[in-house]
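The values are calculated or read from the model by the stated rules, or taken from the named source; none is laboratory data. Since we're looking at a predicted model, the values are computed, not measured. Ideal geometry is used to build each Cβ from the backbone, glycine not excepted, and the neighbour counts take in all protein chains shown.
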Amino acid sequence: MGVWFNFFVATFAAIGSFLFGYDSGIIGSVISPNFKQFHIYFKDPNDNTLGAVVSTFAGGCFFGAMAAGWLADRVGRKRTIQIGSLVAVFGTALQTGARNIGMLMGGRVVAGLAVGVLSMIVPLYQSEISPPHLRGFLTGMTQFMIGLGFFVANWVGYGCQYLDNDAQWRVPLGIQIIPAILLFLGMFGLPFSPRWLIEKGRNEEALAVVHLLHDNATNSEFIESEFNKMLEQIKYEKSHMSSKISDLWATKPMLKRTLTGMAVQICTQFTGINVSTYFQPSLYAALGYSGNTILLITGINGALGQVVTLVFIYFILDRVGRRLPLIVGAFGMAACLSIEAAINARFPGETSTNKSAQQAGVAFIILFGSLFFSTSFGPVSWVYQSEIFPMRIRAIGTSVSTMSNWAINVMISQISPLGLNRLGWKFYLVFICTNLANALIVIFFFPETKGKTLEEMDAVFGDQVIDHAAEANYNKKVGLDEKEESIENVENVRDVQDVERTT
Ligand SMILES: *[C@@H]1O[C@H](CO)[C@@H](O)[C@H](O)[C@H]1NC(C)=O
């Protein structure tokens, strides 16, 4: 079956990412002033309460991402996705049936837990089932589906505002249950991650999965070498190393991986993308637009971003790699924001009638998100965090990276309304600086990971080097010749495996 089936599995799992996007997006519509029935039913909740409805969700996501790190190793990637989707069903039911604002908030927290789990586990699963030359594309589907979920949520919200009873808000919230149930049931038919199977000693099943996903009838050599690498690496890790949280910083290379994973997510939040998407209407308003025009521009921007993301992950990410797009994206975003700041300073919407300046202002908001973000941190953050850790702590490491995303997300979403109100266009300056800082961080600290197998990442981060040095020291102490001994060690590992494979 090979590559098509592999694509199908990666995309199906990304229904979890669709939920992520839809859940994050839909609440903005539901609590907006257009949803009169919502405000009537909940007796005019004040801004603080509405703020809490939004931020409790992100809080839930933080803890969900934490739990996923623990679950992913114990019950496996596939079952963790199923647990996430079940929790989402439960959270959706609570929201849809809410009788008071407390119950709604409870539902948001539960859905947040689910989205937190899914946000971490889906790209990890995709990354572990992908062949190295397609990993960027298949894991990048996460970002495509997040964007799709957000896009759909906007239009569902647009449509439902015209309903004139409870259904106005119960329907858009209730719709979340469809992808959640589909994901839960569908995952029964999809394979376990081959790497997790090996970790559990289920090697034959793992080999069958690798064939199922990567075999195109002409690549038996590749399959054999890929599978052997997984086997050797995971066995070696299991017998020589631990998998504790403290391993995240136990050695210098490990610390580097952990910081890189966290950094890619933190930088993503500091691009300012979520601020720009959530406050898009007010950004356009500041440029002098209103009503349906704003809606139209937002819709076009969303659709364009989806197309660009797809083109990028399919044609570019696995060829050009991760570093260059991140660097170009960061500079591009800084440039867009600089121009945006200048336009807003010189031609503010309330006073200026300079149409072309305002159109340029809109164009650069669109370029910022749909071009530069969609071809850099958007997809790359998920791909990168899922591929840089070794098996033994991949789940924990990815979990910590995703938690940093949610923590910063909460922080920025608390600060942004204040910033936008108090600073106006000067608020752009903050994100110009953070984007420039992002570019430097990538240039100086992020290694390239394109095309390598997950098992080769050790070398990318200089881990193997350290291990061999430790081994050499030990050998010296016990008076063995370093080189011979370490070669022998490797061969021993192979011998043991050969024996096990033939028995
Ligand atoms: C918010 O940020 C995350 C990455 O941290 C990104 O995947 C997502 O697409 C963003 N959402 C929107 C609506 O911009």
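List the number of the failed condition for A330; all other conditions in (1) crowded, with 19+ Cβ neighbours inside 10 Å; (2) without any contact (Cβ under 8 Å) to a residue 60 or more places away in the chain hold.
Result: A330 passes all but (2).
Which pairs turn up if I take residues in region 240-260 that are touching a residue at least 24 places away in the same chain (Cβ under 8 Å) and look for partners that are hydrophobic (A, V, I, L, M, F, W, C) and surrounded by fewer than 17 Cβ atoms within 10 Å (Cβ to Cβ) with beta carbon separation below 6 Å, at least 6 apart in sequence or on another chain?
T251/I466; P253/I466
From the list V410, V380, V430, exactly one residue is within 13 Å of the ligand (Cβ to nearest atom), touching a Leu at 6+ places or on another chain (Cβ under 9 Å), on the phi < 0 side of the Ramachandran plot and hydrophobic (A, V, I, L, M, F, W, C). Which is it?
Unique residue meeting the criteria: V380.
Of the residues that make up region 186-206, is at least one part of a helix (DSSP H, G or I), hydrophobic (A, V, I, L, M, F, W, C) and surrounded by fewer than 22 Cβ atoms within 10 Å (Cβ to Cβ)?
yes
Give me the helices (runs of 4 or more DSSP H) completely within region 267-326, filtered to those with at least 2 residues that are at pLDDT 95 or above and either touching a Gly at 6+ places or on another chain (Cβ under 6 Å) or within 15 Å of the ligand (Cβ to nearest atom) (or both), ordered by residue number.
Hits in region 267-326: 291-311, 317-320.
Conditions tested, residue by residue: (1) crowded, with 16+ Cβ neighbours inside 10 Å; (2) outside the structural domain of Q414 (by TED's automatic domain parsing); (3) without any contact (Cβ under 8 Å) to a residue 40 or more places away in the chain; (4) in contact with a helix residue (DSSP H, G or I) (Cβ under 6 Å, 6 or more places away or on another chain).
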| residue | (1), (2), (3), (4) |
| --- | --- |
| F8 | no, no, yes, no |
| F20 | yes, no, no, yes |
| I26 | yes, no, no, yes |
| P33 | no, no, yes, no |
| K36 | no, no, no, no |
| F57 | yes, no, no, yes |
| L71 | yes, no, no, yes |
| V75 | no, no, yes, no |
| Q82 | yes, no, no, yes |
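If you take the residues in region 147-174 that are of a type in the set (V, I, T) and either away from the ligand (no atom under 16 Å from the Cβ) or in contact with a Ser or Thr (Cβ under 8 Å, 6 or more places away or on another chain) (or both), which one is farthest from N274 (Cα to Cα)?
Taking the candidates together, the pick is V171.
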